[in-house]
Amino acid sequence: MSVWDTLDGICNRYTCEGSRVSVLLKPLQSGKVLYSRNPEWEMKSASTIKVLILLACLDALGAENGERIRLDEMIHVKPSDRVPYSLVTLLDTEQWLLGDLLKLMIATSDNTATNLVIKRIGFSAVNELAQKMGMEQTHLRRLMMDTEAAARGEENTISLLDLCRLYEKLWCSSRGEADNNADQKPASMAFDMLKNVADSSMLLRFFSEDECPLSHKTGGLPDVHHDAGIFHADCGDYFFGVFTAE
């Protein structure tokens, strides 16, 4: 029995029990998918959509149209901005550098920081970037921890296939293989942040990150557990992601 047969068996078992499982494994140098299991399924994004928010903000740094965004600009935090389970909420600091908010959004998945970034760049900037990149199942519809909006059905969504497109674009940009006019700096900055994600409970669960560095972002809700990103292995870089729901 091959490793793929074993993986199929695991996915089938959970699917039969009422769960939803998406898996995608794709070496980036060859671009040939090694394993795929329902990667097109639209699911709640949880915090995985923060990678898209990060790129939308970094893209805006060099924008020639509209208000210029700077990483060293100060963002004021109002009491109404503070949501639970957030370092920004716990601390009394009322002024934060935008660049530091981005780092907290990715490294510790800070939801107050994320909401401040969304308010700074706007929902439209995030959704327009998703549309531009062909991320058909990806929609940012509400702020993090907005339970009232979630109860109305305003859910943030994404698919593993969409996220793979995002990481591939990021990977190509960091290597200078994207648009000739593309700036490599935003992609390099994004990778630096994604390599410092504090959550090692999923894709990094069974080995040390020293064995194989991973640029990734996890996402979790009571009924959702996601992790996806790029492993930087000796044999090359590859995208690997697993989404589970229910």
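Structural remarks
- All positions within the range 3-38 that are modelled with pLDDT of 95 or more and open to solvent by less than 10 Å² (accessible area, probe 1.4 Å): Ser22, Val23, Leu24
- Single match in Ser47, Ser30, Ser36 (criterion: part of a loop (DSSP other than H, G, I, E, B) and either free of Cβ contacts under 8 Å to residues at least 12 places away in the same chain or not acidic (Asp, Glu) (or both)): Ser30
- Where a residue in the range 185-197 is more than 18 Å from Ala60 (Cβ to Cβ) and in contact (Cβ under 8 Å) with a residue 60 or more places away in the chain and its partner, wherever it lies, is among the charged types (D, E, K, R) and open to solvent by 50 Å² or more (accessible area, probe 1.4 Å), with Cβ under 7 Å and at least six apart: none
- Subset of the range 96-128 [in a loop (DSSP other than H, G, I, E, B) and acidic (Asp, Glu)]: Asp110
- Among the candidates Met189, Met193, Met202, residue that is of a type in the set (A, V, I, L, M) and farther than 21 Å from Ile53 by Cα: Met202
- Residue check, Thr93 over 30 Å from Val21 (Cβ atoms), open to solvent by 10 Å² or more (accessible area, probe 1.4 Å) and assigned to a helix (DSSP H, G or I): no
- For the range 129-145, the set of residues classified as open to solvent by 30 Å² or more (accessible area, probe 1.4 Å), within 26 Å of Val83 (Cα to Cα) and not in a loop (DSSP other than H, G, I, E, B) consists of His139 only.
- Restricting the range 126-160 to residues that are within 13 Å of the chain's Cα centre (by Cα) and aliphatic (A, V, I, L, M), the residue that is farthest from Ser109 (Cα to Cα) is Met135.
- Selection status of Ala113, crowded, with 22+ Cβ neighbours inside 10 Å, hydrophobic (A, V, I, L, M, F, W, C) and within 22 Å of Thr89 (Cα to Cα): yes
The values are calculated or read from the model by the stated rules, or taken from the named source; none is laboratory data. This one's a predicted model, so the numbers in the text were calculated from it and none came from an experiment. Backbone-built Cβ (ideal geometry, glycine too); neighbour counts: all protein chains shown. When the accessible area is computed, the model is the full protein with side chains, heavy atoms only, and any ligands, DNA or RNA have been set aside. Shrake-Rupley method; radii C 1.70, N 1.55, O 1.52, S 1.80 Å.
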